[in-house]
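Throughout, read-outs are computed from the coordinates displayed, never taken from laboratory work. Note that this is a predicted model, so its numbers are computed, not measured. A quick note on method: Cβ atoms are made from the backbone with ideal geometry, for glycine too, and the neighbour counts reach across all protein chains shown.
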Amino acid sequence: MQRRNFLTLGAVAAASAVVAPALQAIDYRAEKPDAWKAKTVDDALKALYGKTLADAKEAHVTVKTPDVASNGGAVPVDMSCDVECESFALLEDVNPESLVIVFAQNDVTIPKNSVKIKMKKSGSVYAVAKGKDGNLYYAKKTLEVALGGCEG
Amino acid sequence: MRIKAKLKGDVVKVKAMAKHPMMTYDIAEKKTGSRDNANFITHWDGNVNGKVVFDASTSQFLSKNPIVKYEFKAAGFKKGDKLTMTWVDLKGNKKTGHTKIK
């Protein structure tokens with residue numbers, strides 16, 4: 001446990017030594033540990049941003065997946081945001097915890113990503129961006145999963 | 001780690017794949033009898049000459065041997081620059097890979 005924390009601190013410290021603090025991206029694993037334990041989308045958003053989905057606007061963000069995912073162990077997700085943002089997160093409402101990944105943003109990153117994720121069963125994915133204007137923006141996609149993906 | 005980085009216009013597009021079992025707590029319990037054996041990448045980042053161009057905090061829910069695509073502004077970077085990526089996992093293992101921007 002301690003060793004893991006030491007290594008994480010070491011990685012952040014090493015990066016900080018090379019890059020100016022204003023340009024540093026946040027390590028959301030280290031800074032928001034509760035977000036990773038949240039079991040619902042709203043709890044994860046509260047831990048990350050202090051807001052819930054009801055506070056977010058369904059705009060500026062797109063999220064795409066197949067309508068039917070044949071393999072729940074590798075569901076392809078494309079997400080993008082067309083406003084400047086501080087972070088860009090992907091969540092779902094079917095797995096034991098809701099938060100999947102957070103892409104921290106700085107002055108050179110572009111909030112446009114593709115990943116493959118595990119989904120235990122049919123449900124929805126949510127891409128949520130924290131805009132530089134302080135607002136939350138999101139998009140939601142509901143999909144069917146033919147073979148659940150959390151059990152290997 | 002397999003990384004491909006391509007400079008197109010004013011954007012660098014990257015596709016990276018890490019080799020990692022991404023063993024979730026549920027799978028660890030099912031296959032080994034103990035949730036303590038869970039291990040998955042928790043942080044993955046990339047930099048070009050020390051400038052952070054990618055920073056992702058991740059959960060147990062990325063697929064096994066996870067793939068990620070990302071983009072960053074090309075201003076200040078050029079073909080031939082070295083992109084270095086590092087992941088860290090739950091148990092503290094670390095792996096670094098690099099490629100040249102094409």
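Taking every C-alpha pair closer than 8 Å and separated by at least 6 residues, the mean separation divided by the residue count of chain B gives a relative contact order of 34 percent. When +1 charges are put on Lys and Arg Cβ atoms and -1 charges on Asp and Glu Cβ atoms, the dipole computed for segment B:51-96 relative to its Cα centre reaches about 180 debye.
Dipole size of chain B about its Cα centre, with +1 on Lys/Arg Cβ and -1 on Asp/Glu Cβ: approximately 660 debye, rounded to the nearest 20.
Per-residue Karplus couplings for segment A:65-70, computed as 6.51 cos²θ - 1.76 cosθ + 1.60 with θ equal to phi - 60°, are listed in order as 9, x, 5, 10, 9, 6 Hz, Gly and Pro entered as x. Close amide H partners of residue A:123, meaning residues 5 or more places away or on another chain with modelled amide H under 5 Å apart, are A:143, A:145. Positive end of the dipole of the protein assembly as shown (Cβ unit charges, origin at the Cα centre): among B:101, A:65, A:33, the Cα lying farthest that way belongs to B:101. This model, with +1 at the C-beta of Lys and Arg and -1 at the C-beta of Asp and Glu, gives the protein assembly as shown a dipole about its Cα centre of some 1200 debye. Residues whose amide H falls under 5 Å from that of residue A:117, counting only those 5 or more places apart or on a different chain, are A:75, A:77, B:63, with hydrogens built in the peptide plane. With Cα atoms defining each centre, segment B:26-44 and segment B:45-102 are spaced 23 Å apart in the structure.
Cross-link partners for residue A:51 among the lysines, with Cα-Cα distance under 16 Å and sequence neighbours closer than 8 places in the same chain left out: A:32, A:39, A:130, A:132. Computed from phi, the 3J(HN,Hα) profile of segment A:123-132 under the Karplus parametrisation 6.51, -1.76, 1.60 (θ = phi - 60°) reads x, 10, 10, 10, 9, 10, 10, 9, x, 5 Hz, with x in place of Gly and Pro. Here residue B:73 is the anchor, and the aspartates and glutamates within straight C-alpha reach of less than 18 Å, apart from those fewer than 8 places off in the same chain, are A:82, A:84, A:86, A:107, B:10, B:45, B:55, B:81. Computed over the protein assembly as shown, the P(r) curve from all C-alpha pair distances, binned at 10 Å from the origin, holds 7, 32, 39, 19, 2, 0 percent per bin. Residue-wise HN-Hα couplings along segment B:50-55, as the Karplus relation 6.51 cos²θ - 1.76 cosθ + 1.60 with θ = phi - 60° gives them from phi, are x, 8, 5, 10, 7, 8 Hz; Gly and Pro carry x. Per residue, the convex hull spanned by the alpha carbons of chain B comes to 78 Å³.
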